[in-house]
1. Please tell me if B:Leu104 is closer than 30 Å to B:Cys76 by Cα and within 14 Å of chain A (Cβ to nearest Cβ).
2. Of the residues B:Asp189, B:Asp206, B:Asp167, only one is surrounded by fewer than 16 Cβ atoms within 10 Å (Cβ to Cβ), closer than 28 Å to B:Gly24 by Cβ and in the same structural domain as B:Gly245 (by TED's automatic domain parsing); which?
3. For the range A:35-70, what are the residues that are modelled with pLDDT under 85 and closer than 14 Å to A:Ala13 by Cα?
4. Please pick out the residue among A:Ile170, A:Ile159 that is more than 13 Å from chain B (Cβ to nearest Cβ), open to solvent by less than 30 Å² (accessible area, probe 1.4 Å) and either of a type outside the set (Phe, Trp, Tyr) or under 25 Å from A:Asp127 (Cα atoms) (or both).
5. Can you pull out every residue in the range A:219-257 that is of a type in the set (Gly, Ala, Ser) and modelled with pLDDT of 85 or more?
6. For B:Thr217, state whether it is assigned to a loop (DSSP other than H, G, I, E, B) and not assigned by TED's automatic domain parsing to the domain that holds B:Glu45.
7. Given the conditions (1) closer than 19 Å to B:Phe126 by Cα; (2) without any contact (Cβ under 8 Å) to a residue 40 or more places away in the chain, report the number of the one that A:Pro184 does not fulfil.
8. Mind listing whichever residues of the range A:173-201 are of a type in the set (Ser, Thr, Tyr), more than 7 Å from chain B (Cβ to nearest Cβ) and either touching a helix residue (DSSP H, G or I) at 6+ places or on another chain (Cβ under 6 Å) or open to solvent by less than 80 Å² (accessible area, probe 1.4 Å) (or both)?
Amino acid sequence: MDSGKTLCSLLKAIQFQESAVFCAMQEGLKLTVEEGKCVQASAYIPADNFNEYHVRDDVDVLFKISIAVLTECLNIFGSAEESSLKMYYRCEGSPLLLVLQAQSFSNVMTDCEIATQTADTLLELRDEDAEEESKLVLKAPAFLGLLADLERSCDIIEINLSPEHPNLSIVTYGMQDRSCIEIPKSSDMVQSFTCERAVTLKYQLYHIRLIMKALAVSNKVVLRCSSNGLLLLQLKLEKEDQRQMFSEFYIVPLLDD
Amino acid sequence: MKCLIPGPNVKVLGRTIHALARFGDELYLESSPEAILLRTLNASESAYAMVKFNKVFFSYFNYNYFSAKDQEGLKCKISMKSALHAFKSPTHMDKQVENLEIRLDAESCKLIFIIKCKHGIVKTHFVSILDCKAMQAVYTKDLVHNRITSSQKILSEALGNFQSSDDQVNIEVNTESLILRNYVDSSMDLSKVIRTQISIKSAEFDTYVIGRETVITFTIKEFRALLAFAEALNLPLQLHFEVTGKPVVFIVHNNTTFEAHFVLATTKSDTPTQTSASQNSTITDRKRKEMGFNSNSVRKKPNLDVDVSKCLDEDSHLFDYIEMPIDIINAQNNDCSNKDISQSIIQENVDCDNIPPSPTSKMKIKTIFKRCFESTFDPRSIRGSVLAENSDSE
């Protein structure tokens, strides 16, 4: 890979847990973290981001790695410096090898060896039976602005989607007050809107806030709600070379009490 | 009540709410046929602020929207936190907000803020009403002896020199100048506090009428807040005050649309027999003796012309020699008449005449200084015989 910088910023966006599950597939790399069985966040780097990409297809390449150490190694020449990156992994139990070469000065190379652990099992949050009910595509910076404006002291966020006007509304409940943000589908920040039937979903505001870091580095966000209330946010990060990286967040809803 | 505020004015309202939030925790709203008033009072009831928005501030104004019979407007109290939440970031509010509607929902007893933003986004805040009382402070602003109008910049620049730990400011006024000091309680450990004193000449103010010379002391936190407000709106500040113990009133207004009054209680000095002026200056001197070189943080002498800075340099040599802090720049300002603002605002001065004659230690200081202030004194005359070496820093 020519530059580890974008990868590093994407990893930092999902860095709310100490370690991540690193999974290399034919299609690309995927790093996943979980927060209290309620939020599952992954960074997905499609194989076309790499100049060369080889993964054995007869075994699962799956291990646990410290995400803090990994980002630190990627940033070893400082955040201002672009560096090319090579990654090697031999087999289960062996360390992940990183070879970084700074672009602005030649003849400087860094070899990093990061110890790996056996991966934990990950939650299978996606339910094949639950069909997708609504999908909307928003501009990430505008959505980030809205989330940043929400009252920090609130615990619960309510998202209402409906085919009628206003199509999307976000309600937060404070101590005595209620705040409501309404966004019609005609708004500039909404790029596409599909919703068959009105739904009201409640989530922990804290869980929603976890995506803010990832929103800050992304261009576009896709919200998908399935009939069981599971919220899937897919964030697209577009690099200068038109290649894309993604992050995904599954957020479990609060049940009505 | 129902009113609609156009985009640019929303920013003004946002600034106002943020300034009021520095005063009190609760916000009182009151509507009348002509205007809307926002008031707040701090917990210790020593600071009060009132901002009046006239009808022309709004693009639509109806003080009692629901019943035409009811001649009384709205009176209510809401929590400042909720109000702040509606105006989270006043700095870029004007770019996003198209208009703001404030409406009272009589059925649910909620005050509703509806903010219409760009891109068709509508933010609605339902704010609970805590109480239905109105509140008003009694103070006079018209029949006072002392009135000063100042551009917001002078005072905030002067206040910038104070330490963040200072909590009270002391203003001494006479017909020639205004002296700002940080107030030091007699119970404080004098070896640990930094004394700051800034003298501003009357010519720097837009108007300067002093009917009675006085010294007032009030809290610096609210003073900073209201100065920030005046600065954000780029409007001059009027000070109306009487003697110590009576409140000081700060007025910021934009002729037709709004008027803000900030009222701060002034404290009486601790020892009634001594005027606080002389009390403070004795503290100053004693302090300087103890502190030695430690207190030079407040010295500022931007673009002084060569003559003056030379004099100052020589003075500081003098003071070094008798182990006084180098920040004591003496009152040369009498000679230099046409100095520009930045020069004359910030001056440390040691005014020997202020020292009460009684205690002996102070008398000693007076005699040491005396020579320097005599008109025949020429600093160059002692140049040849330096009695002590300059300190390393020079």
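The values are calculated or read from the model by the stated rules, or taken from the named source; none is laboratory data. Worth saying up front: this structure is predicted, and the values here are computed from it rather than measured. Quick reminder, even Gly has a Cβ in these numbers, built from the backbone with ideal geometry, and neighbours come from all protein chains shown. Keep in mind that these areas ignore ligands, DNA and RNA; they rest on the heavy atoms of the full protein, side chains included. Shrake-Rupley method; radii C 1.70, N 1.55, O 1.52, S 1.80 Å.
1. No: the conditions fail for B:Leu104.
2. B:Asp167 is the lone residue from the list that is surrounded by fewer than 16 Cβ atoms within 10 Å (Cβ to Cβ), closer than 28 Å to B:Gly24 by Cβ and in the same structural domain as B:Gly245 (by TED's automatic domain parsing).
3. A:Glu35
4. Every option except A:Ile159 fails the conditions.
5. Across the range A:219-257, the qualifying residue is only A:Ser247.
6. Judged against the criteria, B:Thr217 is not a match.
7. With (1) closer than 19 Å to B:Phe126 by Cα; (2) without any contact (Cβ under 8 Å) to a residue 40 or more places away in the chain applied to A:Pro184, the lone miss is (1).
8. A:Ser192, A:Thr194
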